[in-house]
Amino acid sequence: MSDVTVAKLENHKKGLEHAIRVRDAAIRLQQNADYKLVIGEGFMLHEAARYAHASGDPMLSANDRADSLALAQASGHLKRYMHVTTLIGDKAEADLPDLDKELVSCMNGED
């Protein structure tokens, strides 16, 4: 294999390792008591409900209702981001051994 292919594989490996580090950090973050209190309970539960209620309040302007709905949905987007981050890290961890084998094979001139 060419040096370009080895460089691409090494670059891809760095990307996989980064995804695993980010996943691990996201998991640690979600297990943190302060995160659970401020983000999990405060923002994702109570504030999201408050904003959802405000989004239907006819006493607010249309812009304020739209802003409230967007803020209520933000907690769902954050939750999805954390979940997807974990899934990407899991996939990267599963792919890493095969990439390592391919990299060794390329470096040994096999293929």
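Grab the DSSP H runs of the chain that are 4 residues or longer, score each as -39,500 (n - 2.57), total them, divide by all residues and round the 222 nm result to the nearest 500 deg cm²/dmol.
Details: 3 runs with 82 residues, N = 111.
-26500 deg cm²/dmol, from helical runs alone.
Let me know the volume per residue of the alpha-carbon convex hull for the range 3-105, in Å³.
Details: hull volume 10.6 nm³, N = 103.
It comes to 103 Å³ per residue, whole-number rounded.
State the answer as a single residue: which of Leu96, His77, Pro58 lies farthest towards the positive end of the charge dipole of the range 52-111, with beta carbon charges of +1 for Lys and Arg and -1 for Asp and Glu, about the Cα centre.
It is Pro58.
What angle do you read, to the nearest 10 degrees and between 0 and 90, between the alpha-carbon axis of helix 62-107 and the longest principal axis of the chain?
10 degrees
Quick one: putting +1 on the C-beta of Lys and Arg, -1 on the C-beta of Asp and Glu, what dipole do you get for the range 3-105 around its Cα centre, in Debye to the nearest 20? Mind showing how you got there, number by number?
Values: 13 positive and 16 negative charges, 28 e Å.
Roughly 140 debye for the range 3-105.
Report the calculated FRET efficiency for Lys36 and Asp98 (r = Cβ-Cβ distance, R0 = 30 Å), to the nearest 0.05. Please list the in-between numbers first.
Details: r = 36 Å, r/R0 = 1.19.
Efficiency, from the Cβ-Cβ distance: 0.25.
Could you give each residue of the range 13-18 its phi-based ³J(HN,Hα) in whole Hz, using Karplus coefficients 6.51, -1.76, 1.60 with θ = phi - 60°, and x for Gly or Pro?
Along the range 13-18, the couplings run 4, 4, x, 5, 5, 5 Hz.
Could you tell me the relative contact order of the chain? Use alpha-carbon pairs under 8 Å, at least six residues apart, and round to a whole percent.
Working: 81 pairs, mean separation 53.5, N = 111.
For the chain, the relative contact order is 48 percent.
Values in this text are rule-based calculations from the coordinates and carry no lab data. Since the structure is predicted, the reported quantities are computational estimates derived from the model, not experimental observations. Positions of Cβ are generated from backbone atoms using ideal geometry, with glycine treated the same way; all protein chains shown enter the neighbour counts.
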